[in-house]
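Following: one structure in structure tokens, then a few remarks.
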Amino acid sequence: MVRALVVSLFLAALSLSFDAHAQSASAKDERQYTDGPVTEVTYLRVEYGHFEEYVDWLNSTWKPTMEAFKKAGITTDYKVFRVSPKTPEEANVIFMITYKNMASYGGDLGDRSADEEDVAKKVICSTECQNKARVARSEYRKVLGTELIRELRLK
């Protein structure tokens, strides 16, 4: 009788072990994160002596455009950072524009989506006018690169 009890306990423990292993394997088959917002990060170099001029443009043109993008539901957030570069070739300003997800991003790196372009035309001016202003800003500001990063929300 003791032997039957030991065998029964052993089989019960074995059954629990297989169940735990099956649950663990099932959890490994599922992603342990969900995709979060997408942020476009742009690295810029503003030449010495032009920072205040650039900040004036940010306040007069860039910020109202970013606010219009948020109001239109194109973006969820934006930020500007001033950076202390390690070398003269590195960025001293960084932009971060956040989109709800990859589908709402909808553009190529560094380029505006059609929706963004429509809003920018209303807020700033025509595409031709914006391009002329970009050329003028390129006298003292250089875009060093753009990357896309996505937040992973861990489970």
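Every read-out reported here was derived from the displayed coordinates using simple, explicitly stated rules and does not represent laboratory data. Because the structure is predicted, anything quoted here is derived from the model rather than measured. Every residue, glycine as well, gets a Cβ built from its backbone with ideal geometry; the counts of neighbours run over all protein chains shown.
Summary table
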read-out	value
Inverse mean reciprocal Cα-Cα distance (Kirkwood Rh) of segment 34-154, Å	15.2 Å
Pairwise FRET efficiency - residue 154 versus residue 50, Cβ, R0 = 35 Å, nearest 0.05	0.25
Residues 115, 29, sorted so that the one with the fewest Cβ neighbours within 10 Å comes first	29, 115
Straight-distance crosslink candidates among lysines, where the alpha carbon sits under 19 Å from residue 121 and sequence neighbours closer than 8 are dropped	63, 70, 71, 132
